[in-house]
1. Taking only protein heavy atoms into account and a 1.4 Å probe, give the accessible area per residue of region 3-198 in Å².
2. For D188, tell me the accessible area in Å² from a 1.4 Å probe, rounded to the nearest 10.
3. What do you reckon, how do F80, F219 stack up by accessible area (1.4 Å probe), largest on top?
4. Size of the dipole of the chain about the Cα centre, Lys and Arg at +1 and Asp and Glu at -1 on the beta carbon, nothing else charged, in debye to 20?
5. I'd like the accessible area for K326, computed on protein heavy atoms only with a 1.4 Å probe and all protein chains in place. Round to 10 Å², please.
6. If you take the charge dipole of the chain about its Cα centre, with +1 on Lys and Arg Cβ and -1 on Asp and Glu Cβ, which of V46, L176, L232 is farthest toward its positive end?
7. So what's the gap between the Cα centers of region 285-302 and region 80-94, to the nearest angstrom?
8. Ignoring ligands, DNA and RNA, please state the percent of accessible area on the chain from carbon and sulfur, probe 1.4 Å.
Amino acid sequence: MPLTQHRTTLTQFLIEERRRYPHASGDFNSLILSVALACKSIARSVAFGALGGVLGNAGGAINVQGETQKKLDVLSNDVFLRFNEWGGHLAGMASEEMEDPYQIPDHYPKGKYLLVFDPLDGSSNIDVNVSVGSIFSVLRAPDSTRAATQQDFLQPGTEQVAAGYAVYGPTTMLVLTVGNGVNGFTLDPNLGEFILTHPALQIPPDTHEFAINASNSRFWEAPVKRYVDECLAGKTGPRDKDFNMRWIASMVAEAHRILMRGGVFLYPRDTKDTSKQGRLRLLYEANPIGFVMEQAGGRVSTGRQSVLEVRPSSLHQRIGLVFGSKNEVDRIERYHHEPQPVEMHNPLFNERSLFHAV
Ligand code: AFP
């Protein structure tokens with residue numbers, strides 16, 4: 001990039017956004033920049049791969065020639081903690097990698113926000129060099145004068161003040177919403193700066209591309225099976241158009257593709273493990289990705305309702321997740337609300353009556 005060609009950096013973007021809030025203290029911007037710095041550090045570790053002296057997803061920390069090597073997701077969690085604990089903007093942090101919320105050390109000031117994150121999503125892809133990412137969400141702390149409790153984090157996604165992800169792919173990108181649309185920044189490795197390259201991202205409302213792990217099809221509920229079957233029927237079925245299928249098993253990479261060109265992602269609750277309401281986590285996967293999707297004109301649903309309206313009951317709660325092009329998510333929700341075909345049970349095994357309807 002010629003020196004004379006001006007490009008907006010993430011710092012400039014945040015300062016110009018802040019001018020819309022004259023009374024803003026600047027704490028929020030500092031927090032986002034600390035998160036961005038953590039993502040840059042993780043991007044470097046991911047890029048070095050096996051050369052960097054850390055493990056991918058193989059096993060836990062191991063001792064190699066006296067050196068304790070950490071799994072990259074554990075290391076990424078440490079990076080998020082170290083880069084964000086000192087700034088005085090947080091009352092606490094919560095992560096997929098930590099059972100309980102992280103308490104800000106007493107020698108650092110506490111602040112008015114909560115940071116929730118999945119430090120390395122898709123980590124099972126690390127060893128095979130497939131794109132992975134970090135996901136983050138910013139909430140307001142109910143009381144910034146004390147350490148955050150688990151309850152403080154249990155806020156619906158509508159309460160998020162910012163959210164986004166970094167995707168570590170052919171390029172490293174940071175995608176961010178602060179509640180005023182969605183903007184994409186590409187890391188310039190020469191400058192070490194995130195540069196605004198994708199302003200005001202919008203998801204096309206329609207698509208011909210869906211993403212689901214089809215190996216779970218025997219566990220799907222009827223509305224999901226109906227939706228996928230209609231996509232597979234293509235021009236010969238009720239959708240009257242052919243569809244393409246994708247599955248990267250790295251949600252951040254799927255979300256980024258959908259943000260760039262449309263599509264729909266489904267990881268619905270299913271009957272594979274009825275003790276879980278889905279595979280993906282509500283607080284640090286579904287809510288931040290959902291906030292980005294909705295800010296870009298897309299939608300995010302449990303299949304039955306907006307994910308962002310769900311009041312979390314626990315820090316690591318799982319949830320069924322459908323997001324992407326608005327008209328497809330609307331259709332999937334509609335299928336869940338239509339009367340389901342009643343499976344007449346054999347009266348011999350009914351619990352309550354001979355004509356028990358499902
Ligand atoms: P990992 O972080 O354990 O690799 O899981 C990734 C993920 O949470 C999400 O990013 C993928 O969309 C989904 O799981 C893949 O799940 P399957 O392995 O069941 O397809």
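1. 46 Å²
2. My reading of the accessible area for D188 is about 30 Å².
3. F219, F80
4. 420 debye
5. About 80 Å², rounded to the nearest 10.
6. Checking the options against the dipole of the chain, the answer is L232.
7. Region 285-302 and region 80-94 have Cα centres spaced 24 Å from each other.
8. The nonpolar share, carbon plus sulfur, comes to 52 percent.
The values are calculated or read from the model by the stated rules, or taken from the named source; none is laboratory data. What you see is a predicted model, and the numbers here were worked out from it, not measured in a lab. Cβ coordinates were reconstructed from backbone atoms using ideal geometry, including for glycine residues, and neighbour counts include every protein chain displayed. SASA here: full protein model, heavy atoms, side chains in, ligands and nucleic acids out. Shrake-Rupley method; radii C 1.70, N 1.55, O 1.52, S 1.80 Å.
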